[in-house]
Amino acid sequence: MLDIRIIRKVLSWNFAFLSLLCIALGFRIFSRTLHLLLKAAFPHPWAPLLYAVFPAMAAVFGIAWWKVWKQRPSERAWGIAASILMAMYPLWHIIHSPRSIRTYAIITLAVGIVGVIAFAMREGALAEADDPHPNDGLL
């Protein structure tokens, strides 16, 4: 059986990648809107909200990566938050347009669910459950 620490480490590097991706997308959206403003075309009224979404997502993914990498006590909570955030878009896409489900949406949703499960499990409980002879030390 895979060690829960290995699964969490792999997921944390996925969070690092997603954090960098959110930073890049946020910068791209902001620069395109700035370009439109220079052309005297006004952005959509909801544009400031969109500017806040990607930096917030980048922060959640980045903090989750950092906490897992440094093995901080709050790594489980940040890992669960990042995993839920990762699963939200594909879940929304599957619910709102089930006829156009893409493979990447299913894979991303599955990775998000695995992340929630991996970060929800306690490491001490797994060590006790994997011990085939729990009473050997008593005799």
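Read-outs: derived from the displayed coordinates by stated rules, not from any lab. Given the structure is predicted, the values throughout are model-derived calculations rather than measurements. So basically every Cβ, Gly included, is an ideal-geometry build from the backbone, and we count neighbours across all protein chains shown.
Descriptive notes on the structure:
- Ordering HIS93, HIS35 by the number of other Cβ atoms within 10 Å of each residue's own Cβ, fewest first, gives HIS35, HIS93.
- The string of couplings for segment 62-77 from the Karplus curve (6.51, -1.76, 1.60, θ = phi - 60°) is x, 5, 4, 4, 5, 5, 6, 4, 8, 6, 7, x, 8, 4, 5, 5 Hz, one whole number per residue in order, with x for Gly and Pro.
- Net charge of Cβ neighbours under 13 Å - reference TYR51; Lys, Arg +1; Asp, Glu -1: +2
- Listed from fewest to most Cβ neighbours within 10 Å, the set THR108, THR103 follows the order THR103, THR108.
- Taking LEU2, LEU109, LEU36 and counting other C-beta atoms within 10 Å, the order from fewest to most: LEU2, LEU36, LEU109
- Shape call, segment 51-95: gyration tensor on alpha carbons, a/c limit 1.5: oblate
- Averaging 1/r over every pair of different alpha carbons in segment 4-130 and inverting the result gives a Kirkwood radius of 16.1 Å.
- In order along segment 4-14, the phi-based Karplus estimate (6.51 cos²θ - 1.76 cosθ + 1.60, θ = phi - 60°) of 3J(HN,Hα) comes to 4, 5, 5, 4, 5, 5, 4, 5, 5, 5, 5 Hz; Gly and Pro are listed as x.
- In sequence order, calculated HN-Hα J values of segment 28-33 (Karplus, 6.51, -1.76, 1.60; Hz; x Gly/Pro): 5, 5, 5, 5, 5, 5
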